[in-house]
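A.B. asks: Sharing a structure below in structure tokens format, with a few things to ask.
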Amino acid sequence: PILPALTPTSTATSTPEASPTPEVKEKVDFIKDVLGPDLLKDAQRIDAEKNAKDPERVRRIDPELAKDSVNFLFLGIGSNTADMQDELTDTIMLVSYRTKNNSMKIVSIPRDTYGVELPGVQVINGAYRDGGFNLIEKIVEDATGVPVHFGMKMRIEGFIESVANILG
């Protein structure tokens, strides 16, 4: 079947921004309190340190996506082998916390995303195995233009426990 042609939507009308439910707002406030009041300053310091080590990073990061945001890269690690020597990222989530309006956005990156232009790496979930956290962080920054300030990796058991603790 042939799909109908897509027509751009008018930008003259704006879509109202959704207001979080009280429960979601409570969780966001909890995360903000746990992470501390100097979170944005910490992120800006981390950006400055990373930019000093890698001057090309400044060109890869979109300044609008970096402004007033603190970004986290969460990796769910798994392995097909019992000795855990072949670790892959089964889950890749980029979380952006906007300090200005106290909002959060989450992007899940499919683990079989192709197009990674590095030797030996064809899909993004192999990047962790081939170069560790630093490599997958660089790939995500390059692909999205979003700076990664903080990162966390965990196995599925740890992820389930963390979600249960945060969401109750």
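A.B. asks: Considering only segment 142-160, state which residues are at pLDDT 80 or above, more than 14 Å from LEU75 (Cβ to Cβ) and not small (Gly, Ala, Ser).
C.D. replies: Passing the criteria: ASP142, THR144, VAL146, PRO147, HIS149.
A.B. asks: Okay, moving on. Would you mind finding the one in THR81, THR91 that is at pLDDT below 90, within 13 Å of the chain's Cα centre (by Cα) and either of a type in the set (Ser, Thr, Tyr) or open to solvent by 50 Å² or more (accessible area, probe 1.4 Å) (or both)? Please lay out each step first, then the result.
C.D. replies: Numbers: THR81 fails: within 13 Å of the chain's Cα centre (by Cα).
Unique residue meeting the criteria: THR91.
A.B. asks: So, one more: Only one of these is modelled with pLDDT under 90 and either out of contact with any Leu (no Cβ under 6 Å at 6 or more places or on another chain) or surrounded by fewer than 16 Cβ atoms within 10 Å (Cβ to Cβ) (or both): ARG98, ARG45. Name it.
C.D. replies: Only one candidate passes the filter, namely ARG98.
A.B. asks: Looking at this structure, is ASP68 at pLDDT below 80 and either in contact with a helix residue (DSSP H, G or I) (Cβ under 8 Å, 6 or more places away or on another chain) or open to solvent by less than 80 Å² (accessible area, probe 1.4 Å) (or both)?
C.D. replies: Working: at pLDDT below 80: no; either in contact with a helix residue (DSSP H, G or I) (Cβ under 8 Å, 6 or more places away or on another chain) or open to solvent by less than 80 Å² (accessible area, probe 1.4 Å) (or both): yes.
For ASP68, the condition - at pLDDT below 80 and either in contact with a helix residue (DSSP H, G or I) (Cβ under 8 Å, 6 or more places away or on another chain) or open to solvent by less than 80 Å² (accessible area, probe 1.4 Å) (or both) - is not met.
A.B. asks: Please identify the pairs in which a residue from segment 41-62 that is assigned to a loop (DSSP other than H, G, I, E, B) has its Cβ atom under 7 Å from the Cβ atom of a residue that is small (Gly, Ala, Ser), counting only partners at least 6 apart or on another chain.
C.D. replies: Partner pairs satisfying both residue conditions: ILE61/GLY145; ASP62/GLY145.
The values are calculated or read from the model by the stated rules, or taken from the named source; none is laboratory data. From a predicted model like this one, the values you see are computed outputs, not experimental measurements. Neighbour counts are summed over all protein chains in view; Cβ atoms, including those assigned to glycine, are modelled from backbone coordinates with ideal geometry. Accessible surface areas use protein heavy atoms only, side chains included; no ligands, DNA or RNA. Shrake-Rupley method; radii C 1.70, N 1.55, O 1.52, S 1.80 Å.
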